[in-house]
Amino acid sequence: MLRFVSTSLCLRCQHATALPLNLRRCVTVSSGENQQTVEALSELYVDIQKVRKLKGWVLYQSPTYTKEVASLLKDMGASGPIIAHILAIHPEAVLCSPEQMQTQRELWMSVCPNQNELVSIIEKFPASFFTSSSHHDNQRNNIVYLQSLNLNKRVISKLMASAPQSFSRPVEQNRVMVCSLQRAYKELGGDEDNMKIWLQKLLTQNPFVFFKPTEVLRQNLAFLRERGFSTAELLHLLSKLKGFVTELNPDSMHRTLTFSQETIGCSEEELREIILKCPALLYYPHGTLSDRFKGLLSTGISMPQIMETPTVLELTPQIVSYRIQRLKAHGYDIKTGSLDAINGTKKDFEMSLGKLQLRRERPLFNPVAPLKGDD
């Protein structure tokens, strides 16, 4: 809650004419806080109480560059509310010197199509933009390296936003992982002409791939090869599983495959077919899979139906129950119909409902068509 107090800090508010009285913000300064920082943030309508609660230590630092940060963002096209939002969720920005911010601006503009795009990124990922000057050389070298791979600039900017730590690392470390991925892709029979697109998709889906040792990739491929997956199937899994390198390991996959096979009661070959239809199945721990199998079976869905459409296991029991109820309202019996009706994203499901509704409303005959009479 804002407090209006008659201290020297508020003398400017008494003489201000730019804003109505009820819109002027006056704040108290806690002992030890940098008064200039608190005042500057207040003038920008930043939620000071939120800053104190989440990152109050920033208010005790000196020097700070609050006005300079606001000026830079405004110059790039950011509105007042956006600037206030950025500084409320990432007040550390005021600790970046003008020189640091200008360097960052130049680096980011080398991969951003325009300043509006950059402002949008900063609004969502402020910590990715306001970084230490000690990382600038690594950032620049990593940008140059990824550009040398002919990766799309938008892909590079997304990587910088979502995984800034990977750009703070020496470029040599990231080059090792990229080379390992490219080598695996080629060894599995991947088309050289499509490798750039494949690499872009993999890095976009899984920007933290750089933080794992390359040995994890080799171990996972070796494990699945021992389980009977062919070279072409391994390439399919490597392309589809966004966490193939970072989240999976042979032990976790072994537990998941064993539990799934015992629960479904299928052969090794059938299990491989299920995994190829639903690669994400390899992610889920025992407890999650158990709940989802139980949830599906409790609705009357049979195991053969699950085997036919295993991607339904990607849905939580709550979503499955909700969608089945809505299908029933449209006269659809999930026990005898295809699970494709409840599968997919929310948009996919709404489209399925729309088709069912259209089918119910469509007349059995065309009432305006002429009737055939006797000749």
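A short reminder: the numbers here are calculations on the coordinates, not readings from a lab. Note that the structure is a prediction, hence the values are computed from the model and not measured. A quick note on method: Cβ atoms are made from the backbone with ideal geometry, for glycine too, and the neighbour counts reach across all protein chains shown.
Details
- Residues in the range 146-192 that are surrounded by fewer than 17 Cβ atoms within 10 Å (Cβ to Cβ), of a type in the set (Ser, Thr, Tyr) and over 15 Å from Phe129 (Cβ atoms): Ser148 alone.
- Looking across the range 322-362, the residues that are surrounded by 13 or more Cβ atoms within 10 Å (Cβ to Cβ) and β-branched (Val, Ile, Thr) come down to Ile324, Ile334, Ile342.
- Screening the candidates Ser157, Ser168 for the property of being of a type in the set (S, T, N, Q), more than 13 Å from Val209 (Cβ to Cβ) and in contact with a His (Cβ under 7 Å, 6 or more places away or on another chain) yields one hit, Ser168.
- Here is the figure for the range 301-349: residues that are more than 21 Å from Ile264 (Cα to Cα), of a type outside the set (Asp, Glu) and not in a helix (DSSP H, G or I) total 5.
- One residue stands out among those in the range 175-200 that are of a type in the set (Gly, Ala, Ser) and assigned to a helix (DSSP H, G or I): the one that is nearest to Ile156 (Cα to Cα), which is Ser180.
- Matching residues, the range 273-296, being out of contact with any Pro (no Cβ under 6 Å at 6 or more places or on another chain), over 16 Å from Ile319 (Cβ atoms), assigned to a helix (DSSP H, G or I) and not β-branched (Val, Ile, Thr): Glu273, Leu276, Pro279, Leu281, Leu282, His286, Gly287, Ser290
- Hits in the range 69-88 (condition: in a helix (DSSP H, G or I) and surrounded by fewer than 19 Cβ atoms within 10 Å (Cβ to Cβ)): Ser71, Lys74, Asp75, Gly80, Pro81, Ile82, Ala84, His85
- Those residues of the range 242-262 which are outside any helix (DSSP H, G or I) and farther than 18 Å from Val178 by Cβ, in sequence order: Glu247, Leu248, Asn249
- Yes/no for Gly228 being part of a loop (DSSP other than H, G, I, E, B), of a type in the set (Gly, Ala, Ser) and out of contact with any Phe, Trp or Tyr (no Cβ under 7 Å at 6 or more places or on another chain): yes
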